Amino acid sequence: MVQKAERVTAPQISGRNSTGRPGRPVGNVTRGTTNPNRMRRVDRWLAGPQAWRLRNAVDPLVVDLGYGATPATAVELFDRLAAVRPDVQVFGIEIEPERVRAALPLQRPGLSFRVGGFELPVPGRPVLVRAFNVLRQYEEADVPGIWRLVQDRLSPGGLFIDGTCDEIGRRVTWVALDAERPLSLSISVRFGSFELPSDVAERLPKALIHRNVPGEPVHALMQAMDRAWLECAPLASFGNRQRWQGMCRTLRDAGWPVQDGPARWRLGEFTVGWDAVAPLA
């Protein structure tokens, strides 16, 4: 049963209860809304520029954390990553036992489902952890502790993806973190799904969504994207793909620490270094 999100307490974050013994799964039951193919944009990024992490992993363990009321996106993640690493092991983790029971018939070699939360009850250390539309339902103050809990479970070279998207995956953003720190913010949109690039702000991850206000770095990025988009209006006659690439090029030339290039821009994607958008203290 879905309940109102509760604060994540220090004992929960440590993975232990007040007696010091292993506690219940860390987290709350959330709405669990999902749709097939909703995560295609982030999966394309994981199977593209981040595929080297999976290829180099000694143990190709991947976690889809909080896959929702139906396991469709976990199955899709397995299929997409198996094309990169055929021996990948994907675990779909849900805190609601009924959701896990409903997913069990879809288990197959390389794909399993378990009850759990941010403590990640899987054997070994994952090389990839994807948590989409999960932290959005928590308090902003809880995010650093939850991030650290998951980061501490990553394998060397591992990556944690904390992201948010709309109901059908047309506006998507995610923060990528390694075991030490946040690395980047990525934005991916379907052309024709927005009037201005800053429309994606309503889908910023929890760590940033309340920071889209004047004076905060992420607000400056949203405004810079809009200005660059408008400046590149003459390219619209060649299509929104060319206009988006012009926007990205303009931002890079203006000094924004853009981490990708035209091969990603043409997909409606844009990645910037975390230090450029990190919330002020």
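In a DSSP loop and with at most 16 other Cβ atoms within 10 Å, the chymotrypsin sites (Phe, Trp or Tyr not before Pro) in region 187-281 are F191, F194.
Estimated from helices alone, the mean residue ellipticity of the chain at 222 nm is -8000 deg cm²/dmol (sum of -39500 (n - 2.57) over DSSP H runs with n ≥ 4, per residue). Here the 3J(HN,Hα) profile of region 126-137, calculated from phi with Karplus coefficients 6.51, -1.76 and 1.60 at θ = phi - 60°, is x, 8, 9, 10, 10, 10, 10, 6, 9, 5, 4, 9 Hz, Gly and Pro shown as x.
For region 20-115, the orientation-averaged shadow of the C-alpha convex hull comes to 7.1 nm² (one quarter of the hull surface).
The mean accessible area for residues of the chain, using a 1.4 Å probe and ignoring ligands and nucleic acids, is 43 Å² per residue.
Using unit Cβ charges (K, R positive; D, E negative) and no other charged atoms, how large, in debye to the nearest 20, is the dipole of the chain about its Cα centre? For this selection, approximately 480 debye. Estimated from the Cβ-Cβ distance and a Förster radius of 22 angstrom, the FRET efficiency linking Q50 and D152 is about 0.65. Highest mean packing first, where packing is the average number of other Cβ atoms within 10 Å per residue, the peptides 125-131, 207-213 line up as 125-131, 207-213. Calculation over all alpha carbon pairs of region 69-136 in 5 angstrom steps from 0 returns a P(r) of 3, 16, 30, 28, 18, 5, 0 percent. Placing a pseudo-label 7 Å from each Cα along the Cα-to-Cβ vector at R101 and A281 gives an inter-label distance of 5.0 nm.
Residue ranking by accessible heavy-atom surface, 1.4 Å probe, largest first, among L230, L235 comes out as L230, L235. The residue among A72, F194, V29 whose Cα reaches farthest toward the positive pole of the charge dipole of the chain, with charges on the beta-carbon of Lys, Arg, Asp and Glu, is A72. Suppose we take every Cα in region 201-281 and form the convex hull; what volume per residue is that in Å³? About 95 Å³ per residue, rounded to a whole number.
Restricting the calculation to Cα atoms, the chain shows an Rg/Rh of 0.97 when the hydrodynamic-style radius is the Kirkwood one. Take the solvent-accessible surface of the protein heavy atoms, probe 1.4 Å, and return the percent of it on region 156-281 that carbon and sulfur atoms account for. The value for region 156-281 is 51 percent carbon and sulfur by accessible area.
When peptides 82-93, 252-263, 165-176 are ranked by their average number of other Cβ atoms within 10 Å per residue, the highest-first order is 165-176, 82-93, 252-263.
The values are calculated or read from the model by the stated rules, or taken from the named source; none is laboratory data. Not measured: the values here are computed from a predicted model. Backbone-built Cβ (ideal geometry, glycine too); neighbour counts: all protein chains shown. Surface accessibility is based on the protein's heavy atoms, side chains included, excluding ligands, DNA and RNA. Shrake-Rupley method; radii C 1.70, N 1.55, O 1.52, S 1.80 Å.
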